[in-house]
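Below is one structure, written out as structure tokens; comments come after it.
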Amino acid sequence: MRVTPRASRDVLAAGTDDHFTARLAAPPVEGAANAALVPLVAKAFGVAKRDVVLIAGETSRLKRLSIRGDMPALEQIARSLYGEAHDG
């Protein structure tokens with residue numbers, strides 16, 4: 001996940017082939033952007049916030065998340081998020 005803080009609104013979208021892109025209204029101070037990222041990802045993937053865990057990149061723009069849930073369903077949601085960006 002590549003995160004851009006201080007955006008005009010919170011948005012999760014397809015990024016490159018390697019990662020999603022998240023634009024967050026929260027600033028990158030005192031964990032505010034990380035705290036805003038978890039509910040955004042949870043909502044997009046239809047899981048509880050407790051099922052989304054930041055596992056790497058706490059102070060970096062590039063972050064690695066773990067999302068617990070039904071793997072085939074999560075994969076389908078990820079594909080649909082990328083499809084929305086490429087349907088032009």
Notebook entry, point to check: Carbon-plus-sulfur fraction of the accessible area of the chain, 1.4 Å probe, in percent?
Noted result: 50 percent
Next item on the list: Specify which residue in the list ALA44, ALA7, ILE67 is farthest towards the positive end of the charge dipole of the chain, using unit charges on the beta carbon of Lys, Arg (+1) and Asp, Glu (-1), about the Cα centre.
Entry: ALA7
Notebook entry, point to check: Considering amide H positions built from the backbone, and no H for Pro or chain starts, which residues 5 or more places from GLY57, or on another chain, come under 5 Å of its amide H?
Noted result: ARG64
Notebook entry, point to check: Pick the calculated P(r) over Cα pairs in 5 Å bins from 0, in percent for this structure from (1) 3, 15, 26, 28, 19, 8, 2, 0; (2) 3, 15, 29, 27, 17, 6, 2, 0, 0, 0; (3) 3, 12, 20, 22, 19, 13, 6, 3, 1, 1?
Noted result: (1)
Notebook entry, point to check: For region 10-56, with every protein chain kept in place, what is the accessible area per residue (1.4 Å probe, Å²)?
Noted result: 53 Å²
Checklist line | Full-extension gain in nm, VAL29 to SER66, via 0.36 nm per residue minus C-alpha separation | finding: 11.1 nm
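The values are calculated or read from the model by the stated rules, or taken from the named source; none is laboratory data. Owing to the predicted nature of the structure, the values given are computational and were not obtained by experimental measurement. Don't worry about glycine lacking a Cβ; one is built from the backbone with ideal geometry, like all the others, and counts go over all protein chains shown. For the accessible areas, the whole protein counts, side chains as well, though only heavy atoms, and no ligand, DNA or RNA atoms are used. Shrake-Rupley method; radii C 1.70, N 1.55, O 1.52, S 1.80 Å.
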